[in-house]
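Every read-out reported here was derived from the displayed coordinates using simple, explicitly stated rules and does not represent laboratory data. Note that the coordinates shown come from a computational prediction; the quantities given were computed from them, not determined experimentally. For neighbour counting, all protein chains shown are included, and Cβ atoms are generated from backbone atoms with ideal geometry for every residue, glycine included.
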Ligand SMILES: Cc1cc2nc3c(=O)[nH]c(=O)nc-3n(C[C@H](O)[C@H](O)[C@H](O)COP(=O)(O)OP(=O)(O)OC[C@H]3O[C@@H](n4cnc5c(N)ncnc54)[C@H](O)[C@@H]3O)c2cc1C
């Protein structure tokens, strides 16, 4: 397993401080309202773009700050500390859509889309999952048929984050119709205003409520040849590369949520008195806080280590899966312990912990569930040993 030095540069530390200030001032006071209203206001998204929070992984030549995947994990943790849904917005916009175009798009596509995505002028969505297949995404049935001038898309995508406000979609569709296998699928850039793009109504979710999760249908949607993103029939391979990186993003989202639950518990245990002393004066509570803190720290180390392997050009997929698995399950565990420390107050909407715990559950499901990560980790271990 790779070990990398992930000390933050001065630049990145300053960027982290900027994200922290933004989250404390512009997200924390409103996150509960957004959760109730099931929407993050457009002005907040624009402000994040102006602050540079949407272009972290985009190279400087395309208007981003080029801070790499490590930078992404640092920013996403700060936002998720207060609001999982806003962090999920960034994960889908920057971590999935923007990253796909950056990794697979040609020069012209990068020059056209990355500057707009980096500033939030255009919002991005990434469409892999379908009603009948999420984990088994290779079985997708959305198809792209060749036409005289390009491609015609037909099919249904499901669970698409940001689709309500997205201006551009990266869509995975079968290009070898009637065949199965990873190399029968291609990626396409689809603009929202193309005839045949039909955006549905958002799901009414348990958590991540302020983030819109929406079905998107393509009905005889014609796109030009130049919208093929990446090589023909390699879209699924590109999607897997995007998801390998996404594990670090969702891992850092989990670290932020776990940290939020820990910090709220620390605060409450200092304020609340029981049997003549604050809660944290009782050993039973100290043990809980110590275990929570240890788990948050371990998760952060794993996530940043994994991110650095991608930035170094030697991605450790097994480590990315380990980091995502551990961090996402940690966030739920730490969240429930935080509710326990809050007692009855923790069972109400008066504290933000109940929202953070609801948000956390998604991290065990999205971008490769815990079951999938365990399969990948075990397979990776056998492969590693076989290779000597
Ligand atoms: C809030 C939210 C946002 C999302 N955003 C996006 C997005 O922007 N773009 C996008 O493309 N998708 C998105 N998704 C979809 C998400 O990636 C899928 O929900 C996820 O991949 C799981 O797929 P599924 O829901 O179809 O579950 P299923 O694949 O039906 O799995 C159900 C359960 O069975 C387990 N399972 C499935 N297959 C196996 C197996 N072979 N072995 C062992 N266990 C297995 C799973 O781990 C899970 O526990 C989002 C989902 C949610 C909830």
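A few remarks follow.
- Tilt relative to the chain, helix 370-386 - C-alpha long axis, 0 to 90 degrees, to 10: 80 degrees
- Protection proxy ranking of 299-311, 253-265, 188-200 - average other beta-carbon atoms within 10 Å, highest first: 253-265, 299-311, 188-200
- Beta bridges per DSSP, both residues in the chain: antiparallel share near 80 percent.
- Tail weight of P(r) past 17 Å, computed on alpha-carbon pairs of the stretch 125-233, percent: 50 percent
- A crude spin-label estimate for the pair residue 314 and residue 198, with each label 7 Å from Cα along the Cβ direction, gives 5.1 nm.
- Segment residue 106-residue 136, extension gain: residue separation times 0.36 nm, minus the distance between their alpha carbons: 8.0 nm
- Sorting the segments 359-366, 344-351 by their mean number of nearby beta carbons within 10 angstrom, highest to lowest, gives 359-366, 344-351.
- Column: log10 I(q)/I(0), Debye, Cα scatterers of the stretch 218-373, q = 0.12, 0.20, 0.21 Å⁻¹: -0.60, -1.11, -1.17
- 157, 277, 205, 146 arranged by Cβ crowding within 10 Å, fewest neighbours leading: 277, 146, 205, 157
- Fraction of antiparallel bridges per DSSP, the stretch 125-233 only, in percent to nearest 5: 85 percent
- Largest mean-square fluctuation among 52, 181, 124, in a Gaussian network model of the chain whose springs join Cα atoms under 10 Å apart, belongs to 181.
- For q = 0.11, 0.18 Å⁻¹, Debye-computed log10 I/I(0) when each Cα of the stretch 10-122 counts as one equal scatterer: -0.32, -0.83
- For peptides 62-71, 220-229, 319-328, sequence by mean Cβ density within 10 Å, most packed first: 319-328, 62-71, 220-229
- The convex hull of the Cα atoms of the stretch 30-189, projected and averaged over all directions, covers 10.3 nm².
- 10 Å binning of all Cα-Cα separations within the chain, expressed as whole percents from 0 upward: 5, 24, 33, 24, 10, 3, 1, 0, 0
- Computed over the chain: relative contact order in percent, which uses C-alpha pairs under 8 Å that are six or more apart: 18 percent
- Degrees, to the nearest 10: 353-363 long Cα axis against longest axis of the chain: 40 degrees
- Across the stretch 323-386, Cα pairs under 8 Å and at least six residues apart give a relative contact order of 34 percent.
- Report summary: the helix-based calculation at 222 nm, which adds -39500 (n - 2.57) for every DSSP H run with n ≥ 4 and divides by the residues of the chain, gives -16000 deg cm²/dmol.
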